[in-house]
1. In whole angstrom, note down how far apart the Cα centers of segment 8-55 and segment 87-159 are.
2. By the gyration tensor of its Cα atoms, with a ≥ b ≥ c the square roots of the eigenvalues, what is the shape of segment 113-207: rounded for a/c under 1.5, prolate for a/b over b/c, or oblate?
3. With the other protein chains left in place, how much accessible area per residue, in square angstrom, belongs to the chain at a 1.4 angstrom probe?
4. What shape does segment 3-96 take by its C-alpha gyration tensor, where a ≥ b ≥ c are the square roots of the eigenvalues and a/c under 1.5 counts as rounded, a/b above b/c as prolate, and the rest as oblate?
5. Give, rounded to the nearest 20 debye, the magnitude of the charge dipole that the chain has about its Cα centre when Lys and Arg contribute +1 at Cβ and Asp and Glu contribute -1 at Cβ.
6. Computed FRET efficiency, Cβ-Cβ of GLU105 and MET130, R0 25 Å: what is it to the nearest 0.05?
7. Carbon and sulfur together cover what percent of the accessible area of the chain at a 1.4 Å probe radius?
8. Please give every one of the lysines within straight-line cross-link reach of LYS67, meaning a C-alpha to C-alpha distance under 18 Å, and leave out same-chain neighbours fewer than 8 residues apart.
Amino acid sequence: SKQTIPHFYVTVAIDMSDLMKKRKKLKEEGINLSVNVFIIKAVALALKEFPNVNSFCDGNSVSQKSKVNIGMAVSVDNGLVVPVIANADRKGLDEIQAESGELAEKARSGKLTPEDMSGGSFTISNMGMMNVENFCAIINPGESGILAVSSAIPTPVVDKEGNIVVRDMMKITLSVDHRIVDGSEGAKFVNAVKAKLEDAALWDSLI
């Protein structure tokens, strides 16, 4: 797809500190949600706001996808597979946790079916567990974009009062088809994902 789709890239840094604290508190209460679950849900909600990013260009025309089906890039011994969480915008965090865990296990054991990998409208490639600061992913054919998620790294930042504090900062990079999405819309989309991940009230309402 890199040869046929004109990619461009937009990166933002997200303050994950509050979300990490919330995950830790939930775990103490017996609720175990991975960081990826929050990312999947934030992306799914952002795609509802930006349907162009949830589209496909066949070279002649653009078609918007009717569903928000999130593909998860999973590394396996012989390459990469992308199982799909269908209707991620309508699923609860616990449902996404259970389904993503099951799909990842099936991927690693070679038991994914064609149905498990079909119907994706947008993909997330998360290398947060690999200690990477930033990377760019290649768009899956049949989709208009993919989000590359890097590690949450303790980083000195300047807060609103001008003080230097250490926060868990995570960079995400959107790779998007320039035939469908322009720079302004790409920037608004990644900032919408950022805003959702940093919105403590949103996650309080969803758990």
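The values are calculated or read from the model by the stated rules, or taken from the named source; none is laboratory data. Quick caveat, the model's predicted, so the values are computed rather than measured. Neighbour counts run over all protein chains shown; Cβ positions are idealised from the backbone, glycine included. Accessible surface areas use protein heavy atoms only, side chains included; no ligands, DNA or RNA. Shrake-Rupley method; radii C 1.70, N 1.55, O 1.52, S 1.80 Å.
1. Segment 8-55 and segment 87-159 have Cα centres separated by 10 Å.
2. On the way: a/c = 1.78, a/b = 1.71, b/c = 1.04.
Prolate, since a/c reaches 1.5 and a/b exceeds b/c.
3. Numbers: 10500 Å² over 207 residues.
Accessible surface, normalised per residue, equals 51 Å².
4. Values: a/c = 1.91, a/b = 1.76, b/c = 1.08.
Prolate.
5. Working: 23 positive and 26 negative charges, 8 e Å.
Dipole about the Cα centre, nearest 20: 40 debye.
6. On the way: r = 19 Å, r/R0 = 0.76.
E between GLU105 and MET130, to the nearest 0.05, is 0.85.
7. Taking all protein chains in place, the chain shows 51 percent carbon and sulfur surface.
8. LYS41, LYS48, LYS91
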